[in-house]
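Below: one structure, written as structure tokens.
The values are calculated or read from the model by the stated rules, or taken from the named source; none is laboratory data. Because the structure is a prediction, the values reported are computed rather than measured. As a convention, Cβ positions derive from the backbone with ideal geometry for all residues, glycine included, and neighbour counts pool all protein chains shown.
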Amino acid sequence: MLSARGASFRYPGAGEDALSGVELTIGVGSAVAVLGPNGSGKSTLLSAIAGTLEPRRGELAVNGRVAYLPQGIEVDRDFPVDVRDVVRMGRWGRGRWFGRFSADDDAAVAAAISALGVDSIAGRRFGELSGGQRQRALLAQVVAQDAEIIALDEPLTGVDRPTAARVGELIGRWRRDGRCVLVATHDLAAAADYDLVLALNRRVVAFGPPQEVLVEPTLQETFDGAIATIGGRLVDTSHRHPGAA
Amino acid sequence: MSGLAVALVGSVVDFFAEPFRVEFIRTGALAALIVGVMCGVVGCVVVIRGMSLLADSYAHGVLPGVAVAVLFSSGQSDPGQFAVLAGGLAGGLVTAAGTAAIRRRAGLKEDTAAALMFVFMLALGVVLISRASNFAVDLTAFLFGDLLAVEPGELPLTAALAALLLGAFALLYRPIVLVSFDRRRAAALGLPVARVEFAIMVGLALCVVIGFRVVGALLVLGLLIAPAAAASMLTRRLPAMMALSAAIAAISVPLGLLFSWHLDVAAGASIVLVAVGICIAVVLGSSQRLL
């Protein structure tokens, strides 16, 4: 469903590759946790899979439609779209730039709104929502796309526990449906629940089942030595808030 | 009804109807109505994308294009409607392309790039005008419009161009909303973001060119921004905002012409003053959105 052969990626105007020498193959029904410190190439890989960045060298083959949740969004408070409009945008990318929505489109939008529990805020202006509510609306937009490959860049940023649980259920459902799911995360404990873990640090440090990748030497190499053992668990200290305990 | 009441009603009707009994006022009103509705809709895209300065630079970018049209119409006292429109559109497109090129190559912010092209095109226009000995087009009319000089024969072309532009914006509604909402998501959904943004810039340049013949290059910005800004404070969704903005622009036309007629002041500026006045009233009076 997805494969890379010696793929390197560089942003326009940048002097060096953001990610190089990527070799991987991901089949149907796989859930992949993409780990790495800030600037390790997680977002680069996901945006390349989404088709917004071409490999500078090597090949990246993506067989299927991709629904992509980028990290963060800058939208003016007054931008005139409500939550339902934002979810509907997920259907626009299926060749529906013009013309009326079909009954299937409307049903997919309604199901996505329900799946993320944003029914009660569907008529509210997107710019007026809290960060967590915005993330739920954007996740609903991803669900509405009904894509074969789902690439989520830190999808749990700013969301509450019930939403995180919903996202976990969604990932499980996508996996059972035979879709390919890639999730960029800093959460080492959560990564253990995925089929595969891809550890990045501007290159692929390791790629394989969690029990092979989530070991201290590999994680120290991935996170530049910023892995500590706290309460018997390996923790990424590079991403912890300066004031956090 | 008493004779006094009849006379009073007659006076009120006369007050409102008197200007529109004159043919050149009716022609100007129709032209302004077309331009107002067009600017009301296109202005919503300008407002939601934060392109007001860019729109202003296009308005000034029209000047050298018009001057070139005059220079190439040697021997004619009036370069003609089509030549002025073509020259103005070329000037607007050069401004758009120049702004995009400066942004891309120098990495400057959009407002800085737009301001650079704005002053460059304005200065170039003044230099060209100073070389054009046959420049019969009144510079004041260019800057502030000459609504009451619009000929009935100009209306079909103005209406056709405005309809073409609004049709293009309706066709590109979803791509325009998506690139304005989030460029990264638009690209991930397979939208050719750069092409859509170029189409928006061309559309805005065309809107300015159609509008400057009626209300002038400086005041067309008022019809682009004021109704859309007022509508944005009263609505939650873009289709409602566009409809309300077009309605505010449309109502500004007869009200502005009434002021112009009874106070004997410039027509185009009066229309823009009414539109800005409505916007200020909304700012002062709006506590919540209606739609």
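Here are a few things to note about the model shown:
- First in the stretch B:195-224 and closer than 18 Å to residue B:93 by Cβ, second anywhere and of a type in the set (Lys, Arg) and assigned to a helix (DSSP H, G or I), Cβ under 8 Å, 6 or more apart: B:200/B:49
- Residues in the stretch A:3-24 that are of a type in the set (Gly, Ala, Ser) and either part of a loop (DSSP other than H, G, I, E, B) or out of contact with any helix residue (DSSP H, G or I) (no Cβ under 8 Å at 6 or more places or on another chain) (or both): A:3, A:4, A:6, A:8, A:13, A:14, A:15, A:18, A:20, A:21.
- Residues (surrounded by 24 or more Cβ atoms within 10 Å (Cβ to Cβ) and assigned to a loop (DSSP other than H, G, I, E, B)) located in the stretch B:189-242: B:189, B:216, B:217, B:219
- Looking across the stretch A:34-68, the residues that are closer than 23 Å to residue A:213 by Cβ and in contact with a helix residue (DSSP H, G or I) (Cβ under 9 Å, 6 or more places away or on another chain) come down to A:34, A:35, A:36, A:37, A:40, A:47, A:60, A:62.
- Odd one out for residue A:108, checked against (1) of a type outside the set (Phe, Trp, Tyr); (2) under 18 Å from residue B:184 (Cβ atoms); (3) buried (at least 16 other Cβ atoms within 10 Å of the Cβ): (2)
- The listed residue being part of a loop (DSSP other than H, G, I, E, B), surrounded by fewer than 21 Cβ atoms within 10 Å (Cβ to Cβ), modelled with pLDDT under 85 and of a type in the set (A, V, I, L, M), out of A:245, A:228: A:245
- Taking the conditions (1) free of Cβ contacts under 8 Å to residues at least 24 places away in the same chain; (2) assigned to a helix (DSSP H, G or I); (3) surrounded by fewer than 20 Cβ atoms within 10 Å (Cβ to Cβ) in turn, residue B:178 satisfies each one other than (3).
- Residue within the stretch A:212-220 that is closer than 27 Å to residue A:11 by Cβ and under 19 Å from the mean Cα position of the chain (by Cα) present: no
- Under the condition of being more than 18 Å from residue B:38 (Cα to Cα) and either among the acidic types (Asp, Glu) or not in a helix (DSSP H, G or I) (or both), the residues counted in the stretch B:147-166 number 1.
Yes/no matrix, rows are residues, columns are (1) part of a helix (DSSP H, G or I); (2) in contact (Cβ under 8 Å) with a residue 40 or more places away in the chain; (3) touching an Asp or Glu at 6+ places or on another chain (Cβ under 6 Å); (4) farther than 24 Å from residue A:40 by Cβ:
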| residue | (1), (2), (3), (4) |
| --- | --- |
| A:84 | yes, no, no, yes |
| A:91 | yes, yes, yes, yes |
| A:97 | no, no, no, yes |
| A:101 | no, no, no, yes |
| A:104 | yes, no, no, yes |
| A:142 | yes, yes, no, no |
| A:158 | no, no, no, no |
| A:169 | yes, no, no, yes |
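- Enumeration of residues in the stretch B:144-186 that are within 24 Å of residue A:52 (Cβ to Cβ) and among the small types (Gly, Ala, Ser): B:180, B:186
- In the condition set (1) within 14 Å of chain A (Cβ to nearest Cβ); (2) in contact (Cβ under 8 Å) with a residue 60 or more places away in the chain; (3) in contact with a Phe, Trp or Tyr (Cβ under 6 Å, 6 or more places away or on another chain); (4) not acidic (Asp, Glu), residue B:129 is compliant with all but (1).
- Test: residue in the stretch B:240-248 that is over 14 Å from the mean Cα position of the chain (by Cα), within 14 Å of another protein chain (Cβ to nearest Cβ) and of a type outside the set (A, V, I, L, M, F, W, C): no
- Scan the stretch A:141-167 for residues that are more than 13 Å from every other protein chain (Cβ to nearest Cβ), over 17 Å from residue A:49 (Cβ atoms) and of a type outside the set (Asp, Glu) and the total you get is 12.
- Selection status of residue A:102, closer than 30 Å to residue A:220 by Cβ and either buried (at least 19 other Cβ atoms within 10 Å of the Cβ) or more than 9 Å from every other protein chain (Cβ to nearest Cβ) (or both): no
- Of the listed requirements (1) within 14 Å of chain A (Cβ to nearest Cβ); (2) in contact (Cβ under 8 Å) with a residue 12 or more places away in the chain, residue B:42 misses just one: (1).
- Exactly one residue out of A:66, A:32, A:75 is touching a Phe, Trp or Tyr at 6+ places or on another chain (Cβ under 8 Å) and within 10 Å of another protein chain (Cβ to nearest Cβ): that is A:75.
- Count of the stretch A:106-136 residues which are basic (Lys, Arg), within 13 Å of chain B (Cβ to nearest Cβ) and either free of Cβ contacts under 8 Å to residues at least 24 places away in the same chain or closer than 18 Å to residue A:164 by Cα (or both): 1
- In the stretch B:173-196, residue nearest to residue B:243 (Cα to Cα) [restricted to those that are more than 7 Å from chain A (Cβ to nearest Cβ) and out of contact with any helix residue (DSSP H, G or I) (no Cβ under 7 Å at 6 or more places or on another chain)]: B:173
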